[in-house]
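The values are calculated or read from the model by the stated rules, or taken from the named source; none is laboratory data. Computed from a predicted model, the values in this text were never measured in an experiment. When we count neighbours, we look across all protein chains shown, and the Cβ atoms used for this are built from the backbone with ideal geometry, even at glycine. Remember, those area values only see protein heavy atoms, side chains included, never the ligands or the DNA or RNA. Shrake-Rupley method; radii C 1.70, N 1.55, O 1.52, S 1.80 Å.
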Amino acid sequence: MKFNLSDISTPWLGSYGEVPFHLEYSDKSMAETVLDTAAADPDFPALAFMGRKISYAEMAANIDTVARGFYSLGVRPGMRVLVVMPNVPQAIYCLYGLNRIGAVPAMVHPLSAVGEIVFYLNEASCDMAVTLDQFYAKMLEVKKQRPIGKLIIARVSEELPFPLNLGQKLLTERKFPKVGTSAGDVLLWKDLLAAGEAFKGEYVAAKDPLKEAVVLFSGGTTGVTKGIMLSDLNFNALARQTEAMCHETVRRAKMLAAMPVFHGFGLGVCIHTMMVCGGTSILVPRFNVKSYAKLIRKNRPNFIAGVPTLFEAITRNEYLDGADLSCLKGVFSGGDSLTIELKKKFDKFLADHNAGVRVREGYGTTECVTACCLTPYNKEKEGSIGLPYPDTYFKICKVGTCDEVPYGEEGEICLTGPSMMLGYINHPDENANTLRTHADGHVWLHTGDLGVMDDEGFVYFRQRIKRMIVTSGYNVYPSQIENILEGHPAVQRSCVIGVHDELKMQKVKAFIVLAPGVKDTPEVRESIMDHCRKHIAKYAMPAELEVRDSLPTTLVGKVAYTKLQ
């Protein structure tokens, strides 16, 4: 399958490295593509989980069993199933097993509140859900507010080797409420597998790769949570694009998959890309700095990917002191803006630990699965998020219009390509606002992000349009102020918001976390403000400076500036 918009100008075409601009994409389903990989290299580990290695052959067998199990329970093509799981093998089997029968997994965070899960069930019209036993009590509360036809409960111990499985049962799982299956609307994972083993009929769906395959949830361009419909082509294209942009061999390489499976970055890059290309995903069900460091030391991954807060935590990770990171072939940052200062800090950390690579910043939205732009392996431009992925086209438009602005001029980032979403579930007005047909006849995704493109095609992300602060008629960009704040040695992390002001409409307020060992004193605050005065225009200066022990984050580790607002 080809995707070629040859009439769109591409100033960066062929400019850097050997990345081909046009690629060929599978016209098969996500599951079929991964099963092809399994057939080609059956004995290689597809997944690693808490010390256990799961070969491609074993994963393929489990995918098929789960597919038959869901089909035997009445799941049919086009039906959506809520998958409420962290990074555990069962989540991967559900993803591809449901895809195998033409059903649609809707992936959500298991730490979501009861009301949020009720919303997801209604938004995606799900009558079935899968989760872990540790979230069973919460799902019972969900069921009180919104009936679920079938609730399937899995356990971590089911995927662990002896004696770890025994320890998990005795020390952890015995603390969870007993799962009640007598009513028939709650099933155990082993029941699903048994049903799959017993089912002998036809179950594999003939899929159109351009139809809905996965639902992920995002705030969209207006900040209201929506279900995003993504196709098989969207995910398969992303896998091949990411492989091409890596400039390293992905086959038989290892990815530390700490980004969650309900997030496009985790599902698209850390899981599906590795499964399509024949690598190993090392599943990290819960992130903490000590276990993450142990996984790096023990498994020596070739690729790591994460949000800036993860990399900031790594730089302060005493458990990585003296670690040899020469195994790394690629380090990718996305999901949130990577400040210039944090990039410098993390690049130094990598160099100090024998890594031969630097962090490569990318950009993407869930509306195109995840990444669609990445810093080239052989050229950086300070503050740039890099060049578009193969077959992905960017343009900068005047905000609120479809009119492209000249190079160097700021506007809304718009893009089109094979990973662009099908649309939002049940939001026709938002679809019309986000997916617009331009004068060139192509549909473009309006991201709601401000950015600039230079004459070499490098893209510079400014920030969300909604996040811009207008004070005394001037536009102030929080990300730029945060860059400056984090350039002061006393500041570890920062977040800038606009707060109401009678005269200026809004004034700038900065929240900061001080570096380890730095005390909050008048002298430190004055030093930070003096640093700001040297680098920030008077109208954009923080009117308030609030020191906190930590900053709130979203479920995927982004700084939650809306909570501060």
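At-a-glance table
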item	result
Scope the stretch 275-311; condition β-branched (Val, Ile, Thr) and in contact with a strand residue (DSSP E or B) (Cβ under 8 Å, 6 or more places away or on another chain); matching residues	THR280, ILE282, VAL284, ILE296, ILE304, VAL307, THR309
Any hit, the stretch 503-518, residues being modelled with pLDDT under 90, in a loop (DSSP other than H, G, I, E, B) and open to solvent by 50 Å² or more (accessible area, probe 1.4 Å)	yes
Criterion violated by GLU58 - all others in (1) in a helix (DSSP H, G or I); (2) farther than 30 Å from LYS298 by Cα satisfied	(2)
Given (1) modelled with pLDDT under 90; (2) closer than 24 Å to VAL452 by Cβ, index of the condition VAL496 fails	(1)
The one condition in (1) touching a helix residue (DSSP H, G or I) at 6+ places or on another chain (Cβ under 7 Å); (2) at pLDDT below 95 that MET59 fails to fulfil	(2)
Wholly enclosed strands (runs of 3 or more DSSP E) of the stretch 313-392 bearing at least 3 residues in contact with a helix residue (DSSP H, G or I) (Cβ under 9 Å, 6 or more places away or on another chain) and without any contact (Cβ under 8 Å) to a residue 40 or more places away in the chain	359-364
Single unsatisfied condition, ASP352 versus (1) within 20 Å of ARG462 (Cβ to Cβ); (2) modelled with pLDDT of 95 or more; (3) more than 20 Å from the chain's Cα centre (by Cα); (4) of a type outside the set (Phe, Trp, Tyr)	(1)
Condition check for LEU171: over 23 Å from LEU121 (Cα atoms), open to solvent by 60 Å² or more (accessible area, probe 1.4 Å) and touching a Ser or Thr at 6+ places or on another chain (Cβ under 6 Å)	no
Single unsatisfied condition, LEU95 versus (1) in contact with a Leu (Cβ under 6 Å, 6 or more places away or on another chain); (2) outside any loop (DSSP other than H, G, I, E, B)	(1)
Every pair of residues 6+ apart whose Cβ atoms lie under 7 Å, when the first sits in the stretch 251-269 and is on the phi > 0 side of the Ramachandran plot while the second is open to solvent by 10 Å² or more (accessible area, probe 1.4 Å)	ARG252/PHE44
Cβ pairs under 8 Å, 6+ apart, first in the stretch 89-106 and within 10 Å of ALA213 (Cα to Cα), second acidic (Asp, Glu) and open to solvent by less than 10 Å² (accessible area, probe 1.4 Å)	ASN99/ASP232
GLY335 being under 28 Å from ILE63 (Cβ atoms), crowded, with 19+ Cβ neighbours inside 10 Å and modelled with pLDDT under 95	yes
Positions within the stretch 238-266 being in a loop (DSSP other than H, G, I, E, B), buried (at least 24 other Cβ atoms within 10 Å of the Cβ) and in contact with a Ser or Thr (Cβ under 8 Å, 6 or more places away or on another chain), in sequence order	HIS263
Considering residues of the stretch 519-559 that are part of a helix (DSSP H, G or I) and open to solvent by less than 50 Å² (accessible area, probe 1.4 Å) only, the residue nearest to VAL108 (Cα to Cα)	ALA540
Selected residue [small (Gly, Ala, Ser) and out of contact with any Leu (no Cβ under 7 Å at 6 or more places or on another chain)] from GLY264, GLY227, GLY268	GLY227
Looking only at the stretch 377-391, and only at residues there that are open to solvent by less than 40 Å² (accessible area, probe 1.4 Å) and closer than 15 Å to MET453 by Cβ, the one that is modelled with the lowest pLDDT	GLY383
So PHE235, is it outside any helix (DSSP H, G or I) and touching a residue at least 12 places away in the same chain (Cβ under 8 Å)	no
Candidates ALA432, ALA371 - the one that is open to solvent by 10 Å² or more (accessible area, probe 1.4 Å), of a type in the set (A, V, I, L, M, F, W, C) and more than 28 Å from VAL331 (Cβ to Cβ)	ALA432
Cβ pairs under 8 Å, 6+ apart, first in the stretch 445-470 and within 27 Å of TYR424 (Cα to Cα) and outside any strand (DSSP E or B), second open to solvent by 40 Å² or more (accessible area, probe 1.4 Å) and of a type in the set (Phe, Trp, Tyr)	ARG467/TYR561
Matching residues, the stretch 287-312, being in a loop (DSSP other than H, G, I, E, B), in contact with a Gly (Cβ under 9 Å, 6 or more places away or on another chain) and either among the aliphatic types (A, V, I, L, M) or modelled with pLDDT of 95 or more (or both)	ASN302, VAL307
Selection count, the stretch 181-220, where residues are within 19 Å of LEU140 (Cα to Cα) and modelled with pLDDT under 90	4
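Residue-wise test of (1) assigned to a helix (DSSP H, G or I); (2) aliphatic (A, V, I, L, M).
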residue	(1), (2)
ASN99	yes, no
ALA106	no, yes
GLY115	yes, no
PHE135	yes, no
LEU140	yes, yes
PRO147	no, no
GLU158	yes, no
LEU170	yes, yes
PRO177	no, no
